[in-house]
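The values are calculated or read from the model by the stated rules, or taken from the named source; none is laboratory data. Nothing here was measured: the structure is a model prediction, and the numbers come from that model. Here Cβ is always computed from backbone atoms with ideal geometry, including for glycine, and neighbour counts include all displayed protein chains.
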Amino acid sequence: MSNVLTDFDPATGIGRLTLNRPEVLNALDAATAQDFLTAVRALTTKPGLRCIVLTGAGRAFAAGGDVATFTANGIERAPEVIHALLDPLNTAIIALRQHPAPVITAVKGVAAGAGLSLALSGDLILAEEKARFVVAYDRVGAPPDCGMSWFLPRRVGRGMAFEMMLTGRVITAPEALACRLVDRTAHAEAFDTELEALALRVASGPTQAYGHFKALMDSDMGLAEHLEAERAAFIRTTATADFAEGVAAFTGKRDPKFQGA
């Protein structure tokens, strides 16, 4: 069985990626990283994909890299192991960021190290009220990877990001919500229901417009260049069916029915 499960519902446009090593809290080894890339590639080529949900099986989202594998063949071989882990993970993260469908990361239990990086790669983060977040890289004497040093300060600011890295303290779900590390929290008994409702809401929106918004949010352009990129994205969107529907619905004073195209 794959270490990453994939599911797609063409009726709703919702695709799911589930890290599937619950016996080790979904720790990421090279095989899992490769399975993740394979799953991402398979899902992002599905016609009609309008929302991606990323979660973990069992009682954790992901406990980070499988540290035991880093030096299993001697510490001098650690760079080889790191490359085998990060090559597919980095490629998969870029593919998720470049796809127009918004990504919801759904966090139960712990999201640590590279697991936190994967959680942060989502456009929306829903956390169960007992979820916990920790940078964890300080514990192995290494800097973050999988985009954490890019995503984290954009969410919580440079100061909070440094504080999390330097102290290595665990951030609870309520604190994560307060500092905008996550976007929403839910009680355990309502978590799956709220996740489904959120995914359905996102999947019913104008997917192409969302995709342009993702790309603009991820850019590091100066203001003048960014303004022109916004203009170009808006113009391209006017050719979509969803734009025509949105304008018709707005002027007709009714709710739009977007198709994601």
**OP:** List every residue pair whose Cβ atoms sit under 7 Å apart, with the two residues 6 or more apart in sequence or on different chains, where the first one lies in the stretch 230-259 and is within 22 Å of G13 (Cα to Cα) and the second, anywhere, is loosely packed, with under 14 Cβ neighbours inside 10 Å and not aromatic (F, W, Y).
**Re:** T240/A261; A241/A261; D242/A261; E245/K257; A249/D255; Q259/A241
Subject >> Answer residue from the stretch 98-132, given it is out of contact with any strand residue (DSSP E or B) (no Cβ under 8 Å at 6 or more places or on another chain) and farther than 28 Å from T167 by Cβ and is surrounded by the most Cβ atoms within 10 Å (Cβ to Cβ) among those >> reply: P100
**OP:** Among the strands (runs of 3 or more DSSP E) lying completely within the stretch 54-136, list those that include at least 1 residues that are farther than 27 Å from P206 by Cα.
**Re:** 110-112, 124-128, 132-134
Original post:
Before we move on, is L198 touching a Lys or Arg at 6+ places or on another chain (Cβ under 9 Å), within 20 Å of I52 (Cβ to Cβ) and not small (G, A, S)?
Top reply: yes
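Let's see how each residue does on (1) modelled with pLDDT of 95 or more; (2) part of a strand (DSSP E or B):
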{"site": "S2", "(1), (2)": "no, no"}
{"site": "L5", "(1), (2)": "yes, yes"}
{"site": "F8", "(1), (2)": "yes, yes"}
{"site": "G15", "(1), (2)": "yes, yes"}
{"site": "T18", "(1), (2)": "yes, yes"}
{"site": "N26", "(1), (2)": "yes, no"}
{"site": "V40", "(1), (2)": "yes, no"}
{"site": "L43", "(1), (2)": "yes, no"}
Original post:
Right, P143: without any contact (Cβ under 8 Å) to a residue 24 or more places away in the chain, assigned by TED's automatic domain parsing to the domain that holds F8, touching a helix residue (DSSP H, G or I) at 6+ places or on another chain (Cβ under 7 Å) and not in a helix (DSSP H, G or I) or not?
Top reply: yes
**OP:** Might you check whether a residue that is closer than 30 Å to P206 by Cβ, crowded, with 22+ Cβ neighbours inside 10 Å, in contact (Cβ under 8 Å) with a residue 24 or more places away in the chain and not polar (S, T, N, Q) occurs anywhere in the stretch 152-159?
**Re:** yes
**OP:** Test G64 against the stated conditions and say whether it is on the phi > 0 side of the Ramachandran plot, within 16 Å of the chain's Cα centre (by Cα), assigned by TED's automatic domain parsing to the domain that holds R132 and not β-branched (V, I, T).
**Re:** yes
Subject >> Among the residues listed as A229, A176, A249, A199, the single one being surrounded by 14 or more Cβ atoms within 10 Å (Cβ to Cβ), in a helix (DSSP H, G or I), in contact with a Phe, Trp or Tyr (Cβ under 8 Å, 6 or more places away or on another chain) and not basic (K, R) >> reply: A176
Original post:
Which residue out of I94, I171 is surrounded by 15 or more Cβ atoms within 10 Å (Cβ to Cβ) and at negative phi?
Top reply: I171
Original post:
Could we say that T172 is out of contact with any helix residue (DSSP H, G or I) (no Cβ under 7 Å at 6 or more places or on another chain), hydroxyl-bearing (S, T, Y), farther than 22 Å from E194 by Cβ and in the same structural domain as L49 (by TED's automatic domain parsing) here?
Top reply: no
